[in-house]
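One structure is given below, encoded as structure tokens.
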Amino acid sequence: MPVGSDVERLRAAGLRVTRPRLAVLAAVRDRPHLDADTITRLARVRLGRISHQAVYDVLRALTGAGLLRRFAPAGGPARYELGGDDHDHLVCRDCGAIVDTRRKRAPGPCLDPGASAFEVEATEVTYWGRCPGCQPRHG
């Protein structure tokens with residue numbers, strides 16, 4: 001996605017277009033599932049200088065506007081990816097690799113929230129296992 005699209009996405013979300021916001025969007029677009037420290041390092045490559053606090057502020061604004069999605073695998077730091085679709089993640093217990101997975105539209109029994117007064121807006125399911133590269137070590 002070119003930077004021009006990021007400008008349009010920010011404007012459509014009602015956010016000002018700033019260099020830090022563009023740098024963070026570019027970092028996450030280019031490499032999804034990053035933590036805030038890695039996003040900060042990549043933003044610094046693009047901008048020269050940006051504080052951790054500025055990156056956290058941008059992440060909060062972009063997540064609040066729905067442009068980014070935040071998820072936190074158990075035992076690890078929060079990760080960020082472009083927002084927009086509801087999907088699940090596969091996480092390798094050994095190397096920490098994270099990949100997206102698509103579930104069927106109709107939730108299975110384990111995804112049924114049952115009878116409640118809640119209006120479900122999104123789900124967050126994390127599958128834990130071992131990626132192909134780590135499987136031979138445990139086979």
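The values are calculated or read from the model by the stated rules, or taken from the named source; none is laboratory data. Computed from a prediction, not measured in an experiment: that's the story for all the values here. Cβ: placed from backbone, ideal geometry, glycine included. Neighbour counts: every protein chain shown.
Residues are listed down the side, and each one gets a yes or a no for (1) surrounded by fewer than 13 Cβ atoms within 10 Å (Cβ to Cβ); (2) at pLDDT below 95:
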residue: 5; (1), (2): yes, yes
residue: 35; (1), (2): no, no
residue: 44; (1), (2): no, no
residue: 53; (1), (2): yes, no
residue: 70; (1), (2): no, yes
residue: 74; (1), (2): yes, yes
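The listed residues are 101, 63, and the only one of them that is among the polar types (S, T, N, Q) and modelled with pLDDT under 90 turns out to be 101. Given (1) loosely packed, with under 12 Cβ neighbours inside 10 Å; (2) within 16 Å of the chain's Cα centre (by Cα); (3) of a type outside the set (S, T, N, Q), where does residue 48 come up short, assuming only one miss? Tallying (1) loosely packed, with under 12 Cβ neighbours inside 10 Å; (2) within 16 Å of the chain's Cα centre (by Cα); (3) of a type outside the set (S, T, N, Q), residue 48 fails exactly one: (2). Would you mind stating whether residue 81 is modelled with pLDDT under 90, within 19 Å of the chain's Cα centre (by Cα) and of a type in the set (Asp, Glu)? Answer is no for this residue.
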